[in-house]
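A short worksheet on the structure shown next.
Nothing in this text is a laboratory measurement; each read-out follows from the coordinates by a stated rule. Given the structure is predicted, the values throughout are model-derived calculations rather than measurements. Heads up, the Cβs are rebuilt from the backbone with ideal geometry, glycines too, and the neighbour counts pull from every protein chain shown.
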């Protein structure tokens, strides 16, 4: 069975036991902010990287057969043209640029010039020596760090729904000193790997991804609607933070509007406009996510879970859980155990 088929099976199982638009990663810290809960510990796995030293003319074609992973390319020096299969206009990449493919398997080509000869990435891999590929016609040099990593099957569905298919961050585009430091460390570590390089690079991948999302969320390219837009809004983010932090407290639209420092009507209208659901619908989804994480842990009874997420009785919790998740708590626990055993194989 190939990587793509395995990914499809995993995501299919996950979609059957999770609510829409919320993460499934266990997060029990009451004071952790929502962005940290989603991006703070993504369960990066199977991280790989390659450093490419390409001299003009050069060109490479990626066929898109590595499965659902987060892939990225960092331009250390030089430049390149990136073109997708069904896109007329190429995207110009310059030194310092980062391009990230988020859980999509779309084929693309990367060349120094539109007329350069292109070879398949599989052929290029045959030139690899110690994770470095030297390739091209002997002209001007361009250096890239290309890498990818897999993600927890419980997190991938959320990431793919709240983020775009790809991000292109230029050198000066909302780049903090910390973000640039991560890129510099990644370039240095891949240029001269040392002790524990694989572990360090995995950590840098996670930092790169989170900083890139931060930069994207605060840029003009970010969409005006959706979860990231809400988290970038000074008012809505306060209400969402209150929901996440006080999962067991009794909430109303009025109390959440006070958290957001808005009038009740203005808050309800803006929340629905940006997130596409009412505040209480979002709160129910978040509560069921937290309940699902507790159920998966196998350390709590269903009545304890019900109380922890703000329900006065196990029966009322069970009805809400079934409506949101499509399965009763007991069935959810069985399906999660099946998925965990599948992933472990």
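Points worth noting:
- Each peptide in 255-262, 119-126 receives the mean, over its residues, of other Cβ atoms within 10 Å, and ordering these scores from highest gives 255-262, 119-126.
- Per-pair calculated FRET efficiency, R0 = 30 Å: residue 85 and residue 135 via Cβ, rounded to 0.05: 0.85
- Förster-model FRET efficiency, 30 Å R0, residue 203 and residue 337, C-beta, rounded to 0.05: 0.50
- Sites residue 255 and residue 196 - FRET efficiency at Förster radius 51 Å, r taken between beta-carbons, to 0.05: 0.60
- Prolate/oblate/rounded label for the stretch 39-217 (Cα gyration tensor, a/c 1.5): rounded
- Label separation (residue 128 vs residue 181): 3.1 nm, computed from points 7 Å beyond Cα along the C-beta direction.
- Multiplying the residue separation of residue 115 and residue 266 by 0.36 nm and removing their Cα-Cα distance gives an extension gain of 48.9 nm.
- Spatially, the stretch 204-239 and the stretch 267-345 are offset by 25 Å when compared through their Cα centroids.
- Neighbour counts of other Cβ atoms within 10 Å put 203, 336 in the fewest-to-most order 203, 336.
- Cα gyration tensor shape for the stretch 158-282, rounded if a/c is under 1.5, else prolate or oblate: prolate
- Prolate/oblate/rounded call for the stretch 227-344, Cα gyration tensor, a/c under 1.5 rounded: prolate
- Here the peptides 204-210, 88-94 are ranked by packing, the mean other Cβ count within 10 Å, and the order with the highest first is 204-210, 88-94.
- Per-residue Cβ neighbour rank within 10 angstrom, fewest leading, 50, 300: 300, 50
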